[in-house]
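Undergrad: Just dropping this structure here.
The values are calculated or read from the model by the stated rules, or taken from the named source; none is laboratory data. Keep in mind that this is a model prediction, so the values were computed, not measured. So basically every Cβ, Gly included, is an ideal-geometry build from the backbone, and we count neighbours across all protein chains shown. Quick note on the areas: whole protein, heavy atoms, side chains included, nothing else; ligands and nucleic acids left out. Shrake-Rupley method; radii C 1.70, N 1.55, O 1.52, S 1.80 Å.
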Amino acid sequence: MQIMLNGEATDLAADTLEQALQELDLGKAVVATALNGDFVPARLRSVTALRQGDRIEIVAPMQGG
Amino acid sequence: MTMFYGVEPKSRFLLGTAQYPSPAILSDAVRASQAEIVTVSLRRESAAGRAGQAFWTLIRDLGLRVLPNTAGCHSVKEAVTTAHMAREVFDTPWIKLEVIGEADTLQPDVFGLVEAARILCGEGFEVFPYCTEDLGVAERLVEAGCRVLMPWGAPIGSGLGLNNPFGLRTLRAHFPDIPLVVDAGLGLPSQAAAAMELGYDAILLNTAVAKAGDPVAMALAFAKAIEAGRLAFEAGPMETRDMAAPSTPVLGQAVLA
């Protein structure tokens, strides 16, 4: 299905947010996730189902002031 | 000594980690600053670049306390959600809360800031609000649960220094027991010293070091200025006067005319 991943249309086979991270090779990365603008804690990724057109944000530590 | 939510850093210098010429210079500048607290952010991660993973390894190796920010957030919802993500990633209740109100000056949306602070303090966050020197807003932030205030010196990245020394002095007088940090807008170590001479507890800056010709040397210069300014404040500056007062004794001067 097609989802918006960090602002870009992306085709994913994953059914859940956790599977999406694994599919993107970010399964073990230090990241936080949001689905359609709402924070999804790491412990809920495996039970967070994805639907066509969902917006996923995946963020990681970055330089900041 | 200044306490940030029970943490007592030896250094009164909080340093940002953005815009350095290289990761190595960032590390060297942080070490030269002797800062024990560095600010970080959250940004989109791609599997191809994995830039965040490399950065996080670098920061962890420095062994310092991190203060995540909500930079770039223009709404309460964005800031609160970013804080939730930061708490999970960085495993800290600390959050440098920015709710930006205006794009040209990056000045805080103080209404949104107070609302976001109230939500986050209620959820157990330890909030470091990037605010203005407005006393009314500062009162609301303290009422919301903030135990640190971080007024701007000048617009972020401008290097203009202390645009409103009167306002900053008033804020210090009004909140003698709340840790106050001048955050943003400084360009020169003398400006940091001036803020410390006003009795501020600490300085948070980034661009002035990162964009200096030699960031490592500038980090050291700021560290010395912040220490000097604090010492001067503790020493108690002399009172100023309009007319001269000779420092050399007049009594006993030879009559040679």
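Undergrad: Among the residues of the stretch B:80-98, is there at least one that is of a type in the set (Val, Ile, Thr) and under 15 Å from B:THR17 (Cα atoms)?
TA: No, that holds for no residue.
Undergrad: Working carefully through the options A:ARG45, A:ARG51, find the one that is within 12 Å of chain B (Cβ to nearest Cβ) and either open to solvent by less than 20 Å² (accessible area, probe 1.4 Å) or farther than 15 Å from B:ARG44 by Cα (or both).
TA: Every option except A:ARG45 fails the conditions.
Undergrad: If we scan the stretch B:87-102, do we find a residue that is among the polar types (S, T, N, Q), open to solvent by less than 30 Å² (accessible area, probe 1.4 Å) and within 14 Å of another protein chain (Cβ to nearest Cβ)?
TA: Yes, some residue in the stretch B:87-102 is among the polar types (S, T, N, Q), open to solvent by less than 30 Å² (accessible area, probe 1.4 Å) and within 14 Å of another protein chain (Cβ to nearest Cβ).
Undergrad: List pairs: first in the stretch B:236-249 and without any contact (Cβ under 8 Å) to a residue 60 or more places away in the chain, second not hydroxyl-bearing (Ser, Thr, Tyr), Cβ under 8 Å, 6+ apart or cross-chain?
TA: B:PRO237/B:GLU197
Undergrad: Collect the residues in the stretch B:188-217 that are part of a helix (DSSP H, G or I), in contact with a helix residue (DSSP H, G or I) (Cβ under 6 Å, 6 or more places away or on another chain), open to solvent by less than 50 Å² (accessible area, probe 1.4 Å) and not β-branched (Val, Ile, Thr), keeping them in residue-number order.
TA: If the condition is that a residue be part of a helix (DSSP H, G or I), in contact with a helix residue (DSSP H, G or I) (Cβ under 6 Å, 6 or more places away or on another chain), open to solvent by less than 50 Å² (accessible area, probe 1.4 Å) and not β-branched (Val, Ile, Thr), then B:PRO189, B:ALA192, B:ALA193, B:MET196, B:PRO215 are the ones that fit.
Undergrad: For the condition of a type in the set (Lys, Arg) and at pLDDT below 95, what is the one hit in B:ARG50, B:ARG44, B:ARG31?
TA: B:ARG50
Undergrad: Could you list, in sequence order, the residues of the stretch B:116-125 that are open to solvent by 50 Å² or more (accessible area, probe 1.4 Å) and either part of a loop (DSSP other than H, G, I, E, B) or under 17 Å from B:ASP91 (Cβ atoms) (or both)?
TA: Hit for the stretch B:116-125 is B:GLU123, nothing else.
Undergrad: Of everything in the stretch B:18-28 that's under 22 Å from the mean Cα position of the chain (by Cα) and open to solvent by less than 70 Å² (accessible area, probe 1.4 Å), which residue is nearest to the other protein chains (Cβ to nearest Cβ)?
TA: My answer is B:ALA18.
Undergrad: Taking the stretch B:34-53 on its own, how many of its residues are open to solvent by 40 Å² or more (accessible area, probe 1.4 Å) and in contact (Cβ under 8 Å) with a residue 24 or more places away in the chain?
TA: Number of matching residues: 2.
Here is a yes/no grid of residues against (1) buried (at least 24 other Cβ atoms within 10 Å of the Cβ); (2) outside any helix (DSSP H, G or I):
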residue: B:VAL142; (1), (2): no, no
residue: B:GLY153; (1), (2): yes, yes
residue: B:GLY157; (1), (2): no, yes
residue: B:LEU162; (1), (2): no, yes
residue: B:GLY167; (1), (2): no, no
residue: B:ARG172; (1), (2): no, no
residue: B:ILE178; (1), (2): no, yes
residue: B:VAL182; (1), (2): yes, yes
residue: B:LEU186; (1), (2): yes, yes
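Undergrad: Answer yes or no as to whether B:PHE128 is under 28 Å from B:THR170 (Cβ atoms) and outside any helix (DSSP H, G or I).
TA: yes
Undergrad: Does B:GLY112 satisfy the condition of being more than 9 Å from chain A (Cβ to nearest Cβ) and part of a helix (DSSP H, G or I)?
TA: The answer is yes for B:GLY112.
Undergrad: From the list B:ARG31, B:ARG12, which one is farther than 30 Å from A:LEU24 by Cβ, more than 9 Å from chain A (Cβ to nearest Cβ), touching a helix residue (DSSP H, G or I) at 6+ places or on another chain (Cβ under 6 Å) and open to solvent by 20 Å² or more (accessible area, probe 1.4 Å)?
TA: It is B:ARG12.
Undergrad: Filter the stretch B:228-253 down to the residues that are among the small types (Gly, Ala, Ser) and either more than 20 Å from B:ALA192 (Cβ to Cβ) or assigned to a loop (DSSP other than H, G, I, E, B) (or both) and list them by number.
TA: Selection gives B:GLY236, B:ALA244, B:ALA245, B:SER247, B:GLY252.
Undergrad: Could you run through the stretch B:67-86 and say how many residues are in a strand (DSSP E or B) and within 8 Å of chain A (Cβ to nearest Cβ)?
TA: 2
Undergrad: Could I ask something else about it? From the list B:ARG65, B:ARG43, B:ARG50, pick out the single residue that is in contact with a Pro (Cβ under 9 Å, 6 or more places away or on another chain) and over 23 Å from B:LYS224 (Cα atoms).
TA: B:ARG43
Undergrad: I'm trying to understand the selection: among the residues of the stretch B:1-46, which are assigned to a loop (DSSP other than H, G, I, E, B), touching a strand residue (DSSP E or B) at 6+ places or on another chain (Cβ under 9 Å) and of a type outside the set (S, T, N, Q)?
TA: Listed by number, the residues that qualify are B:TYR5, B:GLY6, B:PRO9, B:ARG12, B:ALA18, B:TYR20, B:ALA35, B:GLU36, B:GLU45.
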